[in-house]
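First up is the structure itself, then whatever we jot down about it.
Just so you know, all these numbers are worked out from the coordinates, no wet-lab data involved. Only a predicted model underlies this, so the values are computations on that prediction, with no experimental measurement involved. Positions of Cβ are backbone-derived with ideal geometry, glycine not excepted, and every protein chain shown enters the neighbour counts.
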Amino acid sequence: MLPDKFKQSNEFGIAGLSVKIAEQARASGNEELAKIINDLSENAIEWLLKLGDGSHRVVASDDGRTGVVANYSYRPNPGWKELEAKGLLQADVPLAKYEAFFNSLHPVDDRVPKTSLTPDQEQQLLRNSVRLNERGQRAYHIVIGVVADMIGRKPAKPADGRAGS
């Protein structure tokens, strides 16, 4: 829910959010993490929130929840790559290595037909997931706390007592 609220919120911009997140990270005594979080793009922060405590399989399939896969697809995710480069995300197989493997399968329009794969290649495609590492989890909890606090706040009334706009 929070990634959607993050996108929809008009009460704060990414710059204001970054400042509050950096302040919270510093307050927790982690200056290095504050700098890393502050330097993240909006896309990377959204993925930090989406990943949270879970994991995400790197390759997609077009089974339509039927269980019958015709193709596997992979599109490089800049948010994941940024989180990995900043030391916040871990993948079972590093993303650059996984992307090279996927490209070695000669995809067309980012898709590889299942029928063109050996069983070992298919298993290799399916074995990669991404998740936040311990450092990423600390960053996630800092960001989620700040976002939740900002979403939960009502605009302050001006000193003259009129409602804020």
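Note on E23 and A60: the model spin-label points, each 7 Å out from Cα along the C-beta direction, lie 3.8 nm apart. Spin-label model, R131/D110: points 7 Å from Cα along the beta carbon direction are separated by 2.5 nm.
Rounded, prolate or oblate: which fits the range 12-152 when a ≥ b ≥ c are the square roots of the eigenvalues of the alpha-carbon gyration tensor, with rounded for a/c under 1.5 and prolate only if a/b beats b/c? Prolate, because a/c is 1.5 or more and a/b exceeds b/c. With θ taken as phi - 60° and the Karplus curve 6.51 cos²θ - 1.76 cosθ + 1.60 applied, the whole-hertz 3J(HN,Hα) list for the range 54-63 is x, 10, 9, 5, 6, 8, 10, 10, 9, 6 Hz, x standing for glycine and proline. For V130, the shell of other residues with beta-carbons less than 15 Å away shows a net charge of +2, using +1 for Lys and Arg and -1 for Asp and Glu.
Using the structure shown, list the pairs from K81/K114; K35/K114; K86/K114 with a Cα-Cα distance above 31 Å, or answer none.
On the way: K81/K114 26 Å; K35/K114 43 Å; K86/K114 33 Å.
Among K81/K114; K35/K114; K86/K114, the Cα-Cα distance tops 31 Å for K35/K114; K86/K114.
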